[in-house]
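The values are calculated or read from the model by the stated rules, or taken from the named source; none is laboratory data. Just so it is clear, the model here is predicted, and its values are computed rather than measured. Neighbour counts run over all protein chains shown; Cβ positions are idealised from the backbone, glycine included.
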Amino acid sequence: MKADVIVVGAGPTGLMLACELALAGVRTRVLERRAEPQRDSRALSLHPRSVELMDQRGLLDRFLPLGRTVPGWHFAGLPTHLDFGALDSRHGYTLFLAQARTEAILAERARELGVEISRGHETLGVSQDGDGVEVEVRVPGGGTETVHGRYAVGCDGGRSTVRQAAGIGFPGADETLTGMLGDFTAVDPRPGALDAARARGVIVAPLEGGVTRFVCLDPERIRVPTREPVTLEEFRASLIRITGSDCGVAGPRWLSRFGNATRLAERYRAGRVLLAGDAAHIHFPAAGQGLNTGLQDAANLGWKLAAEVGGWAPPGLLDSYDGERRPVGRSVTENTEVQTLLAELTLVGQYQRPASALRGLLDGLLGIPEVNRRLAEQVSALGTRYPATDPDADPLVGRRMPDVGLTAAGSEAIRVYELLVGGRYVLLSLAGGAAVREVVDAGWGSRVTAVDADLHDGREDLDGVTEVLVRPDGHIAWATRTTDGGARRDERARALTTWAGTPSRKEPA
C-alpha cells in the first residue's frame, strides 16, 4: 500500500494518530521497530480528557470493561487528591488501564480502518522535498527499504530518529533524579502488609494477571543514571530503607529506571515532517500525564493533517497544530518539573524540613475547591483551551464542547459526542427552524455534519447560543448568539470557510 502519511512508532500516540487519519480516509502506514507489541506497560492511566476522546470516537466500550475508574488523582503525591469528579465532564475519573491494553485496542481499531502496521521495521532516516517524504527503513531479515509518502509523523519517543532527521532541536534539562519501578508476581500476601509502603510514598498498584507494581524514589539511589539496569537486590534494599521491609517482592517481571530529563521540541513541524507524543516532549512521569498528552496531540493533529492531504485545508490549519499543542507541551513539562522538584527537595537531607512544610502548605491549598479545580483541570486536560484567532469571538471558542444531550429534528435523543464518531465537524443549530443541513450539505457536506437540534440539558454557558461549530477533536471552532437570520447566515458561511475550507459547490441563497 502506498501511504499518504507514514507514522513512525506504534505506541499509543502513533496508533491513535493512525486511527484518526484512516477515519478521514487517509492511507496510513505505521512503522514500528519492535517485532512484537510491548508486553510491559510504563503508563497505567487514561485521564478524563483522553477518556472523552475515546467516547467521541465510539471506542469507550472497548476500554471501560478492561480498566478501573478512579475519581481522584494526585499532584506531587500530596495527600489531598485532585477531585476529577467535580469537573465538567461525563467522565470525571481516571481509567486505570495498562498501556499495553490501550495499545492493543488502538491497534485493533487501526487495522479495522485499513491501517498497515509494519512491525520489525526500524526507521534509519527521513528526507523530504516539496512533493513528499522518504523514510529509510531496516526491515526484518536485515535489508533496507525506502518508504514513500506525502507526510511523515514522528511518534517514536524521546530519542526520536524522525525529529533528529528533520533537524528539530530538543532543548531542555538533563536528568538530575531517577526513580525505580518494578512489576512483581509475588508480594507479601498478609492483609495490610503493603500499607506501610504506601504510607512512606511508595506507589503500590495491582495490575492484571496477579502482578503488583511498585514505584519508589530512594534517597540513596536518586542519582543513579537511567542507563544503569535495576536489579532485584537493589529494589529490595531500597524498599527496606524506605519502608523497613522488602514487602515480599519476588518474581520480577519487569524492572526499570526512569528519570526527570525534561525537553520540548523547538517546533512540532518542519515542512512535511511533524512530531507528536514523546518525540515532541519528555518529562518526569509526575501525575501520569505523558501518554495522555500524546493521545491529545494525535487527536489535534489527525484531522488537520487529513484536511491537508485531502486538499481542502484552509490556510494555516496544519500550522495551528504547533500553535495549539506546543503551549500545552510546555505547560505539562513545567508542571511536572514543579512536582519533581518538590519530590527531590523532600528526599535531600538539608531540605527535608522546609520541603515538608512546603508540602503541608500546598496540601492545604488543595483543600480550597477553586485551587483543586484549577490543578485538576490542568492534569486531566479538561481545562485545555485553544486560543481564538478572532478577538471578537464568542467566549466559548477554543473550549471543549460539553457533551450535552440533544433532540435532533426527526430523531431520538442523542449526545454531542455521538455526533463526533465519524471524525467530522459538527454544526449544531440550536435556534430552531434554521434548516442548516441543506445549506451545509450544498457546500461542505463531505466535511461537516449539520444538525438542527434542541438542548436537553440547561447550561448557563450555552444560554443564548444559536449555532455552534464543533471541531472533529471536540473543541469549539465558532459559536454565535445572533438571532438575526441573515447575519447568522453570513457568520456561518465565514466560519465554515475559515475552518472547513472553500465550499465544494455554491451555497444556496
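What number of residues within region 243-292 satisfy the criterion of being surrounded by fewer than 21 Cβ atoms within 10 Å (Cβ to Cβ), among the charged types (D, E, K, R), under 24 Å from A100 (Cβ atoms) and out of contact with any Phe, Trp or Tyr (no Cβ under 8 Å at 6 or more places or on another chain)?
Selection size over region 243-292: 1.
Please go through region 54-95 and give me each residue that is within 30 Å of A110 (Cα to Cα), of a type in the set (G, A, S) and touching a Gly at 6+ places or on another chain (Cβ under 7 Å), ordered by number.
G92, the sole residue that qualifies.
Provide a single number: the residues in region 336-373 that are polar (S, T, N, Q) and at pLDDT 95 or above.
Quick first cut of region 336-373, residues polar (S, T, N, Q) only: 336, 339-340, 346, 350, 352, 356, 372.
Okay, now just the ones that are also at pLDDT 95 or above, so 336, 339-340, 372.
Within region 336-373, residues that are polar (S, T, N, Q) and at pLDDT 95 or above number 4.
Among G142, G149, which is the only one that is surrounded by fewer than 18 Cβ atoms within 10 Å (Cβ to Cβ) and either small (G, A, S) or assigned by TED's automatic domain parsing to the domain that holds V273 (or both)?
After ruling out the rest, the residue left standing is G142.
Filter region 9-62 for residues that are hydroxyl-bearing (S, T, Y) and more than 14 Å from the chain's Cα centre (by Cα); which is surrounded by the fewest Cβ atoms within 10 Å (Cβ to Cβ)?
Of the residues in region 9-62, the ones hydroxyl-bearing (S, T, Y) are 13, 28, 41, 45, 50.
Filter again for more than 14 Å from the chain's Cα centre (by Cα), leaving 28, 41.
Details: T28: 33, S41: 20.
Looking at residues that are hydroxyl-bearing (S, T, Y) and more than 14 Å from the chain's Cα centre (by Cα), I get S41.
Is there any pair with a first residue in region 100-115 that is more than 10 Å from P12 (Cα to Cα) and in the same structural domain as V211 (by TED's automatic domain parsing) and a second that is at pLDDT 95 or above and of a type in the set (D, E, K, R) whose Cβ atoms are under 7 Å apart and which are 6 or more apart or on different chains, and what are they?
If the second residue must be at pLDDT 95 or above and of a type in the set (D, E, K, R), no pairs are left.
Rundown of residues vs (1) touching a helix residue (DSSP H, G or I) at 6+ places or on another chain (Cβ under 6 Å); (2) hydrophobic (A, V, I, L, M, F, W, C); (3) modelled with pLDDT of 95 or more, yes/no style:
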position	(1), (2), (3)
A24	yes, yes, yes
R34	no, no, yes
L46	no, yes, yes
L60	yes, yes, yes
F84	yes, yes, yes
A100	no, yes, yes
L106	yes, yes, yes
G120	no, no, yes
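Listed here are the residues, each with its yes/no results for (1) assigned to a strand (DSSP E or B); (2) touching a Leu at 6+ places or on another chain (Cβ under 8 Å); (3) surrounded by fewer than 19 Cβ atoms within 10 Å (Cβ to Cβ).
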{"site": "L428", "(1), (2), (3)": "yes, yes, no"}
{"site": "G432", "(1), (2), (3)": "no, no, yes"}
{"site": "V439", "(1), (2), (3)": "no, no, no"}
{"site": "A442", "(1), (2), (3)": "no, no, yes"}
{"site": "T449", "(1), (2), (3)": "yes, yes, no"}
{"site": "D461", "(1), (2), (3)": "no, yes, yes"}
{"site": "R488", "(1), (2), (3)": "no, no, no"}
{"site": "T497", "(1), (2), (3)": "no, no, yes"}
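Can you list the helices (runs of 4 or more DSSP H) lying wholly within region 306-420 that have 1 or more residues being surrounded by fewer than 19 Cβ atoms within 10 Å (Cβ to Cβ), at negative phi and assigned by TED's automatic domain parsing to the domain that holds R49?
Per the criteria, 320-347, 352-366, 369-380.
Do we find that R494 is within 30 Å of V26 (Cα to Cα) and free of Cβ contacts under 8 Å to residues at least 24 places away in the same chain in this structure?
When the stated conditions are applied, R494 passes them.
Return only the number of the condition from (1) modelled with pLDDT under 95; (2) closer than 27 Å to A24 by Cβ that L462 does not satisfy.
With (1) modelled with pLDDT under 95; (2) closer than 27 Å to A24 by Cβ applied to L462, the lone miss is (2).
If you take the residues of region 215-230 that are exposed (fewer than 12 other Cβ atoms within 10 Å of the Cβ) and of a type outside the set (D, E, K, R), which of them is farthest from V348 (Cα to Cα)?
Filtering region 215-230 for residues that are exposed (fewer than 12 other Cβ atoms within 10 Å of the Cβ) and of a type outside the set (D, E, K, R), the one farthest from V348 (Cα to Cα) comes out as P229.
Quick one: count up the residues across region 463-486 that are out of contact with any helix residue (DSSP H, G or I) (no Cβ under 9 Å at 6 or more places or on another chain), outside any strand (DSSP E or B) and not charged (D, E, K, R).
Kept after step one, since they are out of contact with any helix residue (DSSP H, G or I) (no Cβ under 9 Å at 6 or more places or on another chain), are these residues of region 463-486: 463-465, 476, 481, 483-486.
Next cut, outside any strand (DSSP E or B) only: 463-465, 481, 483-486.
Remaining after also requiring not charged (D, E, K, R): 464-465, 483, 485-486.
Matching residues across region 463-486 total 5.
Being in contact with a Pro (Cβ under 7 Å, 6 or more places away or on another chain) and modelled with pLDDT of 95 or more, is that true of even one residue in region 193-214? Steps first, answer last, please.
So in region 193-214, the residues in contact with a Pro (Cβ under 7 Å, 6 or more places away or on another chain) come out as 212.
Then drop every residue that is not modelled with pLDDT of 95 or more, which leaves 212.
Scanning region 193-214, I find at least one residue that is in contact with a Pro (Cβ under 7 Å, 6 or more places away or on another chain) and modelled with pLDDT of 95 or more, so the answer is yes.
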